[in-house]
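Visitor: Got a structure for you, questions after.
The values are calculated or read from the model by the stated rules, or taken from the named source; none is laboratory data. Computed from a prediction, not measured in an experiment: that's the story for all the values here. Every residue, glycine as well, gets a Cβ built from its backbone with ideal geometry; the counts of neighbours run over all protein chains shown.
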C-alpha cells in the first residue's frame, strides 16, 4: 500500500543512502514529446534537507532531464530495494540545473566526488514522498561501479568534453534547450 509524506524523514534518508542506484524521470509539456527515464549511480545522490535533494549528473549522449526541468520543473526520483526488505521510494518535486561556475555549484560541488565526467548538478525541491511495497522488485547483487564514464572523460580531456557537450547536450531529443544552451 502506498503511503505519502510531505518530506523526507530519517527512515527515508537511511533507505536512500543505502541504495547504489536510483532513477530519474521527467517529461516535456508537449504530449508528443518523449518521457525520459534515466538510471544513476556512482554515489552521486545527496539529501540536503527534508525537502531538498541533489545529484551529480555526468556527461551523456543526451541531456533530457535538464531540458525538461528548464521547461516545466517537474522531476521524479525513484529508489527501489534490490536487497533487504522490499521497498520503493519516490520523490516528487521541482528541479533546477546547477552549472559549473555558478555560486550554487561552488556551494554544492564539495558534497560530491566530481570526476571530469561531471557536467551539472540537478537540485530538486521535494513536495511529496511516496513509499510502496516493492514486492515485485527482484533481488540483485551489487558488485561495483563501472568506470567507463571516467575513462571516457579522461581520454577526451576538458577540450574534448566541451566539444562533445556542444554537440550532444545543448538540446533534448525533442529540440528543447537545456540549461547548458548558451553557456558553452
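Yes or no, residue by residue, for (1) more than 18 Å from residue 6 (Cα to Cα); (2) buried (at least 17 other Cβ atoms within 10 Å of the Cβ); (3) touching a helix residue (DSSP H, G or I) at 6+ places or on another chain (Cβ under 7 Å); (4) modelled with pLDDT of 95 or more:
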residue	(1), (2), (3), (4)
26	yes, yes, yes, yes
37	yes, no, no, yes
60	yes, no, no, no
86	yes, no, no, yes
90	no, yes, no, yes
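Visitor: Then there is this: Could you check region 165-184 and list, in sequence order, the residues that are without any contact (Cβ under 8 Å) to a residue 60 or more places away in the chain, assigned to a loop (DSSP other than H, G, I, E, B) and more than 16 Å from residue 28 (Cβ to Cβ)?
Guide: If the condition is that a residue be without any contact (Cβ under 8 Å) to a residue 60 or more places away in the chain, assigned to a loop (DSSP other than H, G, I, E, B) and more than 16 Å from residue 28 (Cβ to Cβ), then 182, 184 are the ones that fit.
Visitor: Could you tell me how many of the residues in region 146-160 are surrounded by 13 or more Cβ atoms within 10 Å (Cβ to Cβ) and either part of a loop (DSSP other than H, G, I, E, B) or in contact with a strand residue (DSSP E or B) (Cβ under 7 Å, 6 or more places away or on another chain) (or both)?
Guide: Result for region 146-160: 1.
Visitor: Here is a follow-up. If I go through region 48-89 residue by residue, how many of them are within 12 Å of the chain's Cα centre (by Cα) and in a strand (DSSP E or B)?
Guide: The number of residues fulfilling the criteria is 11.
For (1) within 18 Å of residue 25 (Cα to Cα); (2) at pLDDT below 95; (3) in contact with a strand residue (DSSP E or B) (Cβ under 7 Å, 6 or more places away or on another chain); (4) assigned to a loop (DSSP other than H, G, I, E, B), each residue gets a yes or a no:
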| position | (1), (2), (3), (4) |
| --- | --- |
| 96 | yes, no, yes, no |
| 110 | no, no, no, no |
| 126 | yes, no, yes, no |
| 138 | no, no, no, yes |
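Visitor: While we're on this one: Which of the residues belonging to region 116-130 are surrounded by fewer than 20 Cβ atoms within 10 Å (Cβ to Cβ) and either without any contact (Cβ under 8 Å) to a residue 40 or more places away in the chain or over 10 Å from residue 75 (Cα atoms) (or both)? Give the steps one after another, and end with the answer.
Guide: Restricting attention to region 116-130, the residues satisfying the condition of being surrounded by fewer than 20 Cβ atoms within 10 Å (Cβ to Cβ) are 116, 125, 127-128, 130.
Within region 116-130, 116, 127, 128, 130 meet the criteria.
Visitor: Filter region 10-35 down to the residues that are touching a residue at least 40 places away in the same chain (Cβ under 8 Å) and either closer than 16 Å to residue 124 by Cβ or touching a strand residue (DSSP E or B) at 6+ places or on another chain (Cβ under 8 Å) (or both) and list them by number.
Guide: Once the filter is applied, which keeps residues that are touching a residue at least 40 places away in the same chain (Cβ under 8 Å) and either closer than 16 Å to residue 124 by Cβ or touching a strand residue (DSSP E or B) at 6+ places or on another chain (Cβ under 8 Å) (or both), region 10-35 yields 12, 15, 16, 19, 21, 22, 23, 24, 25, 26, 27.
Visitor: Now a separate question. When you check residue 45 against the structure, is it in contact with a strand residue (DSSP E or B) (Cβ under 6 Å, 6 or more places away or on another chain) and either surrounded by 14 or more Cβ atoms within 10 Å (Cβ to Cβ) or within 30 Å of residue 152 (Cβ to Cβ) (or both), yes or no? I'd like the intermediate steps shown before the answer.
Guide: Details: in contact with a strand residue (DSSP E or B) (Cβ under 6 Å, 6 or more places away or on another chain): yes; either surrounded by 14 or more Cβ atoms within 10 Å (Cβ to Cβ) or within 30 Å of residue 152 (Cβ to Cβ) (or both): yes.
In short, yes.
Visitor: Against the conditions (1) under 28 Å from residue 161 (Cβ atoms); (2) touching a helix residue (DSSP H, G or I) at 6+ places or on another chain (Cβ under 8 Å); (3) touching a residue at least 60 places away in the same chain (Cβ under 8 Å), where does residue 45 fall short? Just the number, please.
Guide: With (1) under 28 Å from residue 161 (Cβ atoms); (2) touching a helix residue (DSSP H, G or I) at 6+ places or on another chain (Cβ under 8 Å); (3) touching a residue at least 60 places away in the same chain (Cβ under 8 Å) applied to residue 45, the lone miss is (3).
Visitor: Kindly provide the set of residues from region 6-24 that are assigned to a strand (DSSP E or B) and surrounded by fewer than 16 Cβ atoms within 10 Å (Cβ to Cβ), ordered by number. So that I can check it myself, show each step before the final result.
Guide: Applying the first criterion (assigned to a strand (DSSP E or B)) to region 6-24 yields 22-24.
Residue satisfying the conditions is 23 alone.
Visitor: Somewhere in region 65-74, is a residue out of contact with any helix residue (DSSP H, G or I) (no Cβ under 8 Å at 6 or more places or on another chain), surrounded by fewer than 15 Cβ atoms within 10 Å (Cβ to Cβ), over 21 Å from residue 143 (Cα atoms) and free of Cβ contacts under 8 Å to residues at least 60 places away in the same chain? First the steps, then the outcome.
Guide: To start, the set of residues in region 65-74 that are out of contact with any helix residue (DSSP H, G or I) (no Cβ under 8 Å at 6 or more places or on another chain) comprises 65-73.
Filter once more, keeping what is surrounded by fewer than 15 Cβ atoms within 10 Å (Cβ to Cβ): 73.
If we keep only those that are over 21 Å from residue 143 (Cα atoms) as well, we get 73.
Still in the running and free of Cβ contacts under 8 Å to residues at least 60 places away in the same chain: 73.
Yes: region 65-74 contains one or more residues that are out of contact with any helix residue (DSSP H, G or I) (no Cβ under 8 Å at 6 or more places or on another chain), surrounded by fewer than 15 Cβ atoms within 10 Å (Cβ to Cβ), over 21 Å from residue 143 (Cα atoms) and free of Cβ contacts under 8 Å to residues at least 60 places away in the same chain.
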